[in-house]
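Working notes, structure below.
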Amino acid sequence: SIDNAKLTIAGAVSIAQSGTTIKVLSGTYIENNPIILPEQVSVVGDSLREVTITPQNSGDIFYVTNGNYVSNVSFVGAANTGAVIAFNPSGSGNITQSPYIQNCTDFIPNSVGVRVNGAHASGDTKSIVVDSYTQYNQCGIGVSITNNGYAQLVSLFTICNDIAIYCGSGGACDLTNSNSSFGNYGLVADGVSNEQYVGVITTPA
């Protein structure tokens, strides 16, 4: 609350419970990343232009899971090959309600705006949803989707990326109202998923 505020987003996350909305006031937040969001916790900034999150460490910034929401913040920092938003490599649990990233900007060179690695989540979905997410992360990747992960991408704008959207090993996405400017590759698809089903046809039809 405004009368009992935390100094950092990580500090607020440490006491957040399911159903909590963390309201981030205008300012620059240097965070001890990665920050692991609990289920059904939202991080909502005052304004895209006035709330800046800078990672203290190299590597990923936010690990998301079921029902998370991150909006109205900018990510700024030195070159970093980590992801701004990703599933936790230690496991993000069963995804029944996709994490949702809205109205954010990634300014960190070489970074990955969103990494959707299906091997780091369980369930039928293994997805992250994006709306109005700008990637000005020079030489980085806008969205990487692998290992049967899935992303729904609306209004994704990538500028000077090495790859705007990468799908590998069975990763897939829906893409609408988006743009790739400059950079090297707009859309890259590589490889296939593992075998999904095995069966025997007993009655041809």
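The values are calculated or read from the model by the stated rules, or taken from the named source; none is laboratory data. This is a predicted model, so every value here is computed, not measured. We place every Cβ from the backbone using ideal geometry, glycine too, and count neighbours over all the protein chains shown. In case anyone asks, the SASA skips ligands and DNA or RNA and just uses the protein heavy atoms, side chains included. Shrake-Rupley method; radii C 1.70, N 1.55, O 1.52, S 1.80 Å.
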_Phi to ³J(HN,Hα) by Karplus 6.51 cos²θ - 1.76 cosθ + 1.60 over region 141-148, Hz, x for Gly, Pro_ = 10, x, 9, 10, 10, 9, 6, 6
_Skipping prolines and chain starts, which residues have an amide H placed within reach, meaning under 5 Å, of the one on ASN94, given they are 5 or more residues away or on another chain?_
SER122
*Collect residues whose amide H, placed 1.01 Å from N in the peptide plane, falls under 5 Å from the amide H of ALA83; neighbours closer than 5 in sequence don't count.*
ASP60, ILE61, VAL112
*What are the principal axis extents of the Cα atoms in region 60-127, in Å, biggest first?*
34, 22, 13
*Let me have the relative contact order for region 1-92, percent, based on Cα pairs under 8 Å that are six or more residues apart.*
25
*Identify which of VAL41, VAL192, VAL116 has the largest mean-square fluctuation in a Gaussian network model of the chain, with springs joining Cα atoms closer than 10 Å.*
VAL192
*Gain on full stretching of the segment that runs from THR203 to CYS160 - 0.36 nm per residue minus C-alpha separation*: 10.1 nm
*Can you give the accessible area per residue of region 43-195, in Å², using a 1.4 Å probe?*
40
_Going by Cα centres, region 14-47 and region 155-205 are how many Å apart?_
30
*Rounded to whole Hz and in sequence order, give me ³J(HN,Hα) for region 15-29 from the Karplus expression 6.51 cos²θ - 1.76 cosθ + 1.60, θ = phi - 60°, writing x for Gly and Pro.*
10, 6, 10, 3, x, 7, 10, 8, 9, 9, 6, 4, x, 10, 10
*Which log10 I(q)/I(0) values, to two decimals, does the chain give at q = 0.09, 0.11, 0.18, 0.19 Å⁻¹ under the Debye formula with one point per Cα?*
-0.33, -0.48, -1.23, -1.37
*Once fully extended, how much extra length lies between SER193 and ALA119, figured as 0.36 nm per residue of separation less the alpha-carbon to alpha-carbon distance?*
25.5 nm
*If you plug each phi of region 2-9 into the Karplus form 6.51 cos²θ - 1.76 cosθ + 1.60 with θ = phi - 60°, what whole-Hz ³J(HN,Hα) values come out, in order, with x for Gly and Pro?*
5, 8, 8, 6, 9, 6, 10, 5
*asked:* Explain nothing, just the number: relative contact order of the chain, from Cα pairs under 8 Å at least 6 residues apart, as a whole percent.
replied: 12
*Amide H to amide H under 5 Å from TYR185: which residues, 5+ apart in sequence or cross-chain, H placed 1.01 Å off N in plane?*
ILE163, ALA164
*How about region 27-98: which GluC sites (Glu not before Pro) there lie in a loop by DSSP and see at most 16 other Cβ atoms within 10 Å?*
GLU50
*May I ask you to compute the full-extension gain from LEU25 to ALA10, defined as 0.36 nm times their residue separation minus their alpha-carbon distance, rounded to one decimal in nm?*
4.0 nm
*asked:* Please compute the contact order of region 124-205 in relative form: average sequence separation of alpha-carbon pairs under 8 Å and at least six residues apart, divided by the residue count, as a percent.
replied: 28
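Shape call for region 106-173 from the C-alpha gyration tensor, a ≥ b ≥ c root eigenvalues: rounded (a/c under 1.5), prolate (a/b greater than b/c) or oblate? Walk me through the numbers before you get to the answer.
Values: a/c = 2.35, a/b = 1.75, b/c = 1.34.
It comes out prolate by the Cα gyration axes.
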*For the chain, give the percent of accessible area contributed by carbon and sulfur heavy atoms, probe 1.4 Å, rounded to a whole number.*
50
*the chain: most fluctuating residue of THR146, THR176, THR21 per GNM, C-alpha cutoff 10 Å*: THR176
